[in-house]
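Let me begin by presenting the structure, written as structure tokens, before commenting on it.
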Amino acid sequence: MSDALPATPEQIARPAVEAAQAGAAIIHLHARDPETGEPTPDPVVFMRFLPVIKQSTDAVVNITTGRGLNMTVDDRLAAPPRAKPEMCSLNMGSMNFDIARAGDRVKHWKHAWEKPYLDRTDDHIFRNTFRDIARIVEVVGKGHGTRFEFEGYDVGHLYNLAYCLERRIVEPPLFVQTIFGIMGGFGAEPRNLLFMKETADRLFGGDYVWLVLAVGRHQMALTTMAGILGGNVRIGLEDSLYIGRGKLARSNAEQVGKNPPYPRGTEPRDRKLRRSPREAQAQRRGPGWLLIARTLNAPGPAPYRAGGLPQSRPSRPRPPPSGCRLQRGLRRPRRRSSPHA
């Protein structure tokens, strides 16, 4: 689909380090078969690039517990216990996961398996039962001290996470990523982003850190909105192959290093747009801040407040209607009915 997508361990490690050098605090990683480029859960392949990344950067390493087609939960749990990463992704619900249309505009395929792989996703359910979630947390989290990036593709996934929190399957603080634009999940609309943030605030209070991912052409628009609202953002080739309209990105680092995605005139006063990985870990809110992404940690400009909901601007008091001379604390006298009516 794109020559920028890495396949071999060497091709995965080098762009990951470059993304960290460009400002990413967390590097989210999948593995691919070096011969074919297909997704693989093989821990041997993971261990060919994870040590290189850890030795070359202080970025937080986040590896997937997600799946490719036909991967079982056992497959998904093959690499994390061996790698013992600081963070893993964890999807909070079973769902349709249809990315078949991602190839509609692709004219030249890099690998023969890519188009058939995408085409099969319209008959694919991404399984994440409550028992699956509890098992992954037990094996990877409690077994090795790994923190989780909890992925919510829909509002129901936030309630699933709240249920797991109530049952003490997971523990706060939570690192919550809300995801928009996948067919089968929540649509990539600004009102949906606000609603997800409002719901997370209500369910988790101050015990979570908010991160936003949007796919395809929605990536920059919704991550910009999240940054203005005080959230954190994920940017990378897994979510969008483009750096601008009709222009393919050359690397994850190019997307990370893109100019701050604020609309002109809304840049925050605090120009420190990135947190270092160690600063992120010091917060103890799920050990880091972004995934192949820029952190927009400055407070948003008016009319937004910290909670992330629009706040109306103050307005001048309106004059009372003509003929109305009411005073505070007084009631309007009732109109007496005329005896001649």
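Values in this text are rule-based calculations from the coordinates and carry no lab data. What you are looking at is a predicted structure, and each value in this text was computed from that prediction instead of being measured.
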Checklist entry - For segment 146-156, what does the Karplus curve 6.51 cos²θ - 1.76 cosθ + 1.60, with θ = phi - 60°, yield as ³J(HN,Hα) per residue in whole Hz, taken in order and with x for Gly and Pro? => result 6, 8, 10, 9, 7, 9, x, 8, 7, 4, x
Item to check | Nonlocal amide H pairs with Met87, under 5 Å, H built at 1.01 Å | outcome: Val61, Ile63, Arg147
Checklist entry - Can you give the Rg to Rh ratio for segment 7-105, taking only C-alpha atoms and Rh from Kirkwood? => result 0.97
Checklist outcome for this item: Phi-derived 3J(HN,Hα) across segment 28-43 with the Karplus relation (6.51, -1.76, 1.60, θ = phi - 60°), rounded Hz, x for Gly and Pro, is 8, 10, 10, 10, 10, 4, x, 7, 10, x, 6, x, 9, x, 4, x
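Evaluate the Kirkwood expression for the hydrodynamic radius of segment 147-240, namely the inverse of the mean inverse distance over all pairs of different C-alpha atoms, and round to one decimal in Å. Don't jump to the answer; show the numbers that get you there.
Numbers: mean 1/r = 0.0757 Å⁻¹.
Final number for the Kirkwood radius of segment 147-240 is 13.2 Å.
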Checklist outcome for this item: For segment 9-282, percent of DSSP beta bridges that are antiparallel (nearest 5) comes out at 20 percent
Item to check | Leu174 long-range amide H proximity, modeled H, under 5 Å | outcome: Tyr208, Val209
Checklist entry - Scattering from the C-alpha atoms of segment 9-282 alone, worked out with Debye: what is log10 I(q)/I(0) at q = 0.07, 0.13, 0.14 1/Å? => result -0.24, -0.90, -1.08
Checklist entry - Fully extended, how many nm does the chain gain between Trp113 and Asp58 (0.36 nm per residue separation, minus their Cα-Cα distance)? => result 16.3 nm
